[in-house]
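The values are calculated or read from the model by the stated rules, or taken from the named source; none is laboratory data. None of the values given here were measured: they were computed from a predicted structure. Heads up, the Cβs are rebuilt from the backbone with ideal geometry, glycines too, and the neighbour counts pull from every protein chain shown. Side chains included, ligands, DNA and RNA excluded: accessible areas come from the protein's heavy atoms. Shrake-Rupley method; radii C 1.70, N 1.55, O 1.52, S 1.80 Å.
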Amino acid sequence: LMELRFTKEERIHKREDISQLFQKGDSFVVFPFKVIHRLVPSEDEANSSLKFGFSVPKKNFKKAVDRNLLKRRMKEGYRLHRKPLKEAIKQEKNCLHCMLVYIGREEMDYATLEDKIILLLQRLQGIYAENNQ
């Protein structure tokens, strides 16, 4: 049960990591998300193999409550469905940094977001599972 928590170790929060991600990362779009991802050599095993960040641009959602609601929905969908991707990456000695940017202009309900998050996690798994064969 504890492994379902989305802990601080699993968040991407170093400014340097985030700017590296945006400069050097690859990206793809699963509407309403843009996914920016980058494989980083893991410094130590204690660290999470998967680091995620969530972003909702102020440009599209002026009110903080709206941005926070979307971020909560994104985090929840990720939290519940990250396991297969986590397992796939654990075999590697790398750490996957990902940023999920909400590019839609409309607010979407949780069920829709959850489906899209499952899709993008599968796509990431496809990208990084190919690398380890």
Original post:
Of ARG67, ARG123, which residue is over 21 Å from SER42 (Cα atoms), in a helix (DSSP H, G or I), open to solvent by 40 Å² or more (accessible area, probe 1.4 Å) and not small (Gly, Ala, Ser)?
Top reply: ARG123
Original post:
Residue check, LYS86 against (1) under 16 Å from ARG11 (Cβ atoms); (2) in contact with a helix residue (DSSP H, G or I) (Cβ under 6 Å, 6 or more places away or on another chain); (3) part of a helix (DSSP H, G or I), all met but one. Which one?
Top reply: (2)
Subject >> Qualifying residues in the range 91-120 (those that are assigned to a helix (DSSP H, G or I) and within 20 Å of ASP26 (Cα to Cα)) - the one most open to solvent (accessible area, probe 1.4 Å) >> reply: LEU119
Original post:
Quick one: in the range 30-60, which of the residues that are among the hydroxyl-bearing types (Ser, Thr, Tyr) and open to solvent by 30 Å² or more (accessible area, probe 1.4 Å) is modelled with the highest pLDDT?
Top reply: SER55
Subject >> Tally, over the range 77-133, of residues that are over 30 Å from LYS63 (Cα atoms) and either of a type in the set (D, E, K, R) or in contact (Cβ under 8 Å) with a residue 60 or more places away in the chain (or both) >> reply: 12
Original post:
So ARG79 fits all but one of (1) within 16 Å of ARG5 (Cα to Cα); (2) touching a strand residue (DSSP E or B) at 6+ places or on another chain (Cβ under 9 Å); what number is the exception?
Top reply: (2)
Subject >> Among residues of the range 10-29, those that are open to solvent by 90 Å² or more (accessible area, probe 1.4 Å) and hydroxyl-bearing (Ser, Thr, Tyr), counted >> reply: 0
